[in-house]
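K.L.:
The following block contains the structure, expressed as structure tokens.
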Amino acid sequence: MQRHLFLPKQSLKDVRALLRLDEGQIQALDELLGTGESVSLGRPNFAQKVAERLRLEQEAASSVTLVGQFLLTVVEEGHPPDEIIDDMRQFLEQYPEEKGALSSLDAKRKALVAMLTQKPERARALKVRYLQTVSPLAESFRSVCELRPVFKRNESGAEEEIVGYVPTVQLRVTECDTDGNETLNTFNMSPSALKLLAEVIGRTEKKLTAIRQRFGNELLGDVAQGDQS
């Protein structure tokens, strides 16, 4: 049978953490991974939510979140959950010391297959994310304001004197491509350009407000509307 899942030995820690969960915890993880919020690993609160819901330490929560997300991405590529579990079993069989993990996998197989079965809310969120993603995507913004001194030689010509200051503004934009690689772009801006940018943002917000008023609940992936997909 063709394998769909290839795991490095370093992933044993994360797989063990998943298999240490009881069936109630797996069901709770299933419910969390089935939400639209789960498609964005960049959201820092998701692993914390897993920790609280499953009553796990943060390290264990991060491990089960990571391996659960990874397994779901393999399923979402079109591979059946049952076969993914079979591949996990083959992976563990390579290590004689993992007999306990193997027994746990067999005992919890039904719950794990259910966890890897695609859920409508997550599937919709994935479609929304795909349609929203135009590369490169601006992800974060930061501004830096500085005063730069203007110098002038004094009357004797021997020393420099500060006669005033010039305000400068930098806009730092972090963008991300489809492979997750980040690039920092820095733009120097004059006060007039900064004012123009503020005006453009203001007009854009008004346009979005008009769209929300016109289309309301038809909008998907609009966080301001309360849709966390």
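The values are calculated or read from the model by the stated rules, or taken from the named source; none is laboratory data. Model, not experiment: these values are computed from the prediction. Neighbour counts are summed over all protein chains in view; Cβ atoms, including those assigned to glycine, are modelled from backbone coordinates with ideal geometry. Surface areas here come from the heavy atoms of the whole protein model, side chains and all, with no ligands, DNA or RNA. Shrake-Rupley method; radii C 1.70, N 1.55, O 1.52, S 1.80 Å.
K.L.:
Sorted by accessible area with a 1.4 angstrom probe, largest first, how do Tyr95, Tyr165 fall?
P.N.:
Greatest to least solvent exposure: Tyr165, Tyr95.
K.L.:
Using only the alpha carbons of the stretch 1-86, determine the length spanned along each of the three principal axes and report them from longest to shortest in whole angstroms.
P.N.:
Rounded to whole Å, the extents work out to 39, 25, 24 Å.
K.L.:
If you count, for each residue, the other Cβ atoms within 10 Å and average over each peptide, how do 139-147, 22-30 line up from highest to lowest?
P.N.:
22-30, 139-147
K.L.:
Pop out the carbon and sulfur fraction of the accessible area of the chain as a percent, whole number, probe 1.4 Å.
P.N.:
In the chain, the share of accessible area belonging to carbon and sulfur is 53 percent.
K.L.:
Which order do Phe46, Phe6, Phe70, Phe151 take when ranked by solvent-accessible area (1.4 Å probe, heavy atoms of all protein chains), largest first?
P.N.:
Largest accessible area first, the list is Phe6, Phe151, Phe70, Phe46.
K.L.:
Put +1 on the Cβ of every Lys and Arg and -1 on every Asp and Glu Cβ in the chain; which of Pro191, Ala210, Phe6 then has its Cα farthest towards the positive end of the dipole?
P.N.:
Ala210
K.L.:
At what distance in nm do the modelled label points of Lys110 and Glu76 sit from each other, each positioned 7 Å from its Cα along Cα→Cβ?
P.N.:
Roughly 2.8 nm, to one decimal.
K.L.:
Under a point spin-label approximation (7 Å from Cα along Cα-to-Cβ), what is the Phe6-Glu159 distance to one decimal in nm?
P.N.:
The two pseudo-label positions are separated by 7.0 nm.
K.L.:
What order do Leu72, Leu194 take when sorted by accessible area (1.4 Å probe), most exposed first?
P.N.:
Output order, biggest surface exposure first: Leu194, Leu72.
K.L.:
With each run of n ≥ 4 DSSP H residues scored as -39500 (n - 2.57), what mean residue ellipticity at 222 nm is computed for the chain after dividing by its residue count and rounding to the nearest 500 deg cm²/dmol?
P.N.:
Rounded to the nearest 500, the figure is -16000 deg cm²/dmol.
K.L.:
Okay, next question. Taking the simple approach of a point 7 Å from Cα along Cα-to-Cβ for both Val169 and Asp22, what is their distance in nm?
P.N.:
Distance between the two pseudo-spin positions: 5.8 nm.
K.L.:
When we measure straight from the Cα of Lys207, which lysines land under 19 angstrom away, once same-chain ones fewer than 8 places off are left out?
P.N.:
Lys195
K.L.:
May I ask you to list the lysines whose Cα is less than 25 Å away from that of Lys119, ignoring any residue fewer than eight positions away on the same chain?
P.N.:
Once the sequence-local lysines are set aside, what remains near Lys119 is Lys49, Lys108, Lys110, Lys127.
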